[in-house]
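A short write-up of the structure that comes next.
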Amino acid sequence: MELLHSGKVRDVYADGDDDLILVASDRVSVYDVALPTPIPDKGKLLTALSLWWFEQLADLVPHHVVSATDVPTEWAGRAIRVRRLEMIPVECIARGYLTGSGIKEYDRTGAVCGVPLPPGLVEASILPEPIFTPTTKAPQGEHDEAITFSDVVAKVGPETAERLREITLAVYRRGAELAADRGILVADTKLELGWAPDGTMVLGDEVLTSDSSRFWPADSYQPGREQLSLSKQFVRDWAVGTGWDKTGPAPEMPPEVVEAARARYVEVYERLTGRRW
Ligand code: ATP
Ligand code: MG
């Protein structure tokens, strides 16, 4: 199989013209830098969670999964066979709470990605309603940049832009509602959509995983401060706490941090899916 793309976390192979194999590794990337220390089972945990979500969401939006089992045995459990899509060059982010780059932009401008928000919001405030806050899909080595809905319209046309926003918000609402029932708040999440050869818009990449979303435990939620994190944010916070400047080689994770991160990936999987890992 031809290796098309080797991301920081996943590898993408072409199997013939129609299918791709997405292979998730145990690596974790923060601020677009892959950490040197793998987290055991992470590739399998995220693959299983993503597959579960694609099924939960299938009535809202068609997804790219062809098979979770028809993959080379060496990658079993952490690879999926998907339909090859023509990806739409926008990272579709939905936010239900204000944090991360969102709160930074809000503090500066009172808006996020051109969406005006009421005054007085603080770190982790719930938004009056979920908002669509897209970014560019930067080439390898560069950072994604926040863009407005008009920028998306300029890139892909008004109809496609409108559908991207609609699907993104619908997936967020469904995901957040389901997760909330299981004690997890979805602060935000990122989707990627693409075109199938027959012209249908299809959900690709991964969906509502701990790498593409911020998950917070609902029982300790309190706006006005940083939340405990069940997702990759935990690793981000640890990495920055070591004094790392977010560029260049990232620090080695000590075993107790690896174990704590892994425990979060497992907890999210078990709570959301109701299955034992
Ligand atoms: P990173 O996520 O580490 O910032 P990345 O997005 O370049 O970098 P990966 O996420 O590891 O790397 O790679 C997955 C790639 O596969 C992405 O470019 C994504 O857009 C693409 N992709 C996902 N699903 C499909 C699909 N069904 N058809 C075509 N491309 C896809
Ligand atoms: Mg990616």
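The values are calculated or read from the model by the stated rules, or taken from the named source; none is laboratory data. Note that the structure is a prediction, hence the values are computed from the model and not measured. Calculation scope for accessible area: heavy atoms of the full protein, side chains included, ligands and nucleic acids excluded. Shrake-Rupley method; radii C 1.70, N 1.55, O 1.52, S 1.80 Å.
Express the relative contact order of segment 167-237 as a whole percentage, based on alpha carbon pairs under 8 Å and six or more residues apart in sequence.
Relative CO of segment 167-237 lands at 25 percent.
Principal axes first, then extents: for the Cα atoms of the chain, list largest minus smallest coordinate on each axis, whole Å, largest first.
53, 49, 39
Give me the percent relative contact order of the chain, please, defined on Cα pairs under 8 angstrom at least 6 residues apart.
So the answer I get is 20 percent.
Run the reach check for LYS246 against aspartates and glutamates, Cα to Cα strictly under 18 Å, same-chain hits fewer than 8 apart removed. What comes back?
ASP32, GLU142, ASP144, GLU145, ASP211, ASP237
Quick one: among PRO139, PRO251, PRO40, which has the greatest mean-square fluctuation in a GNM of the chain with alpha-carbon springs under 10 angstrom?
Of PRO139, PRO251, PRO40, the Gaussian network model singles out PRO139 as fluctuating most.
What is the percent of Cα-Cα separations in segment 31-137 that go past 25 Å?
45 percent
What accessible area per residue, rounded to a whole number of Å², is obtained for the chain using a probe radius of 1.4 Å?
46 Å²
Got a number for carbon plus sulfur as a percent of the chain's accessible area, 1.4 Å probe?
50 percent
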